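Engineer: First, the structure itself, so that you have it in front of you.
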Amino acid sequence: MSITVRLPLSPRSLHVVVDMQEVFASNPQWGFTGIHAIVPNISRLAAAKPEQTLWTRFISAHSAEDAEGSWAALYRLWPGATLAAGAQMDILPALLPLVSGDDAVFDKPTYSAFHNSAFGAALKARQADTLVLSGIETDVCVLATALEAVDRGYFVVLAEDAVTSSDPDGHRQILEVIPRRLKSQLFRSDVASILEQWP
């Protein structure tokens, strides 16, 4: 018998779509086809709560020379993912019609969405209590955003069938370990259950 986990969802909860961009779909160095598998479930969430859905975009450095510290090392490893190499930062075309406006999109040069101060301000302005996270990658940008959200006092729900990673093992480990370790603050659930419980 399955047990339904009660999720900390309220009318003030927000859905945050993390980095569902062309660079992670088709870029020769960073792209992976698995990103398309979660588009339908992200679409379901965004269509159900359009005014409560925010979007982030990871914006690469122009080149390794323009980045600092470990970020410069990252772009030396992946030069084809820089802006100078033509990496496409746009949200995937299949999801773009669901974006409610430019003020719902937050760009960031780092893993966590909270690097963009406007993102944190938007959460406060909406008096958000819980963030439902979808997008990529489970073990990088989704994880960084989730942990910082918890640090700032938000409950987090990982939409387990609306997140993915180019590293399947990393994806699986995050979904198994993090909700168990942060069991009073961070939850995992499928999209159907999220929509059923979200008032």
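The values are calculated or read from the model by the stated rules, or taken from the named source; none is laboratory data. On a predicted model such as this, the values are computed, not experimentally measured, just so you know. Please note: Cβ atoms are built from the backbone with ideal geometry, for glycine as well, and neighbour counts cover all protein chains shown.
Engineer: Of everything in segment 110-154, what is among the small types (Gly, Ala, Ser), in a loop (DSSP other than H, G, I, E, B) and surrounded by 18 or more Cβ atoms within 10 Å (Cβ to Cβ)? Give them in sequence order. Step through it out loud before you land on a result.
Structural biologist: So in segment 110-154, the residues among the small types (Gly, Ala, Ser) come out as 112-113, 117-118, 120-122, 125, 128, 134-135, 144, 146, 149, 153.
Filter again for in a loop (DSSP other than H, G, I, E, B), leaving 112, 128, 153.
Those that are among the small types (Gly, Ala, Ser), in a loop (DSSP other than H, G, I, E, B) and surrounded by 18 or more Cβ atoms within 10 Å (Cβ to Cβ): SER112, ALA128.
Engineer: Can I ask one more? For TYR75, are the conditions met, namely being in contact with a Ser or Thr (Cβ under 8 Å, 6 or more places away or on another chain), assigned to a loop (DSSP other than H, G, I, E, B), among the aromatic types (Phe, Trp, Tyr) and crowded, with 17+ Cβ neighbours inside 10 Å?
Structural biologist: Considered against the rule, which asks whether it is in contact with a Ser or Thr (Cβ under 8 Å, 6 or more places away or on another chain), assigned to a loop (DSSP other than H, G, I, E, B), among the aromatic types (Phe, Trp, Tyr) and crowded, with 17+ Cβ neighbours inside 10 Å, TYR75 comes out as no.
Engineer: Go through (1) within 18 Å of GLU22 (Cβ to Cβ); (2) touching a helix residue (DSSP H, G or I) at 6+ places or on another chain (Cβ under 8 Å) and name the single condition VAL132 misses.
Structural biologist: Result: VAL132 fails condition (1) only.
Engineer: Does any residue of segment 29-50 turn out to be out of contact with any strand residue (DSSP E or B) (no Cβ under 9 Å at 6 or more places or on another chain), modelled with pLDDT of 95 or more, surrounded by 15 or more Cβ atoms within 10 Å (Cβ to Cβ) and assigned to a loop (DSSP other than H, G, I, E, B)?
Structural biologist: Yes, because at least one residue in segment 29-50 is out of contact with any strand residue (DSSP E or B) (no Cβ under 9 Å at 6 or more places or on another chain), modelled with pLDDT of 95 or more, surrounded by 15 or more Cβ atoms within 10 Å (Cβ to Cβ) and assigned to a loop (DSSP other than H, G, I, E, B).
Engineer: OK, next. If I ask for residues that are touching a strand residue (DSSP E or B) at 6+ places or on another chain (Cβ under 8 Å) and among the polar types (S, T, N, Q), which ones from segment 111-134 would you list?
Structural biologist: Within segment 111-134, ASN116, THR130, SER134 meet the criteria.
Engineer: Just for segment 94-109: of the residues that are part of a loop (DSSP other than H, G, I, E, B) and free of Cβ contacts under 8 Å to residues at least 60 places away in the same chain, which one is surrounded by the fewest Cβ atoms within 10 Å (Cβ to Cβ)? Break it down stepwise before answering.
Structural biologist: Residues of segment 94-109 that are part of a loop (DSSP other than H, G, I, E, B), as a first pass: 94-95, 99-101, 109.
So of that shortlist, the ones also free of Cβ contacts under 8 Å to residues at least 60 places away in the same chain come out as 94, 99-101, 109.
Values: ALA94: 14, VAL99: 16, SER100: 14, GLY101: 8, PRO109: 12.
Going through the qualifying residues, I end up with GLY101.
Engineer: Here are SER70, SER43, SER13, SER60: which of them is touching a Ser or Thr at 6+ places or on another chain (Cβ under 6 Å) and without any contact (Cβ under 8 Å) to a residue 60 or more places away in the chain?
Structural biologist: SER60
Engineer: Within segment 160-194, track down each residue that is touching a His at 6+ places or on another chain (Cβ under 8 Å) and either of a type in the set (Lys, Arg) or more than 22 Å from ASN116 (Cα to Cα) (or both).
Structural biologist: Step one: of segment 160-194, the residues touching a His at 6+ places or on another chain (Cβ under 8 Å) are 163-165.
Across segment 160-194, the qualifying residues are THR164, SER165.
Engineer: Moving to a separate point now. Testing SER63 on (1) touching a Leu at 6+ places or on another chain (Cβ under 8 Å); (2) surrounded by 17 or more Cβ atoms within 10 Å (Cβ to Cβ), one condition comes back false. Which one is that?
Structural biologist: (2)
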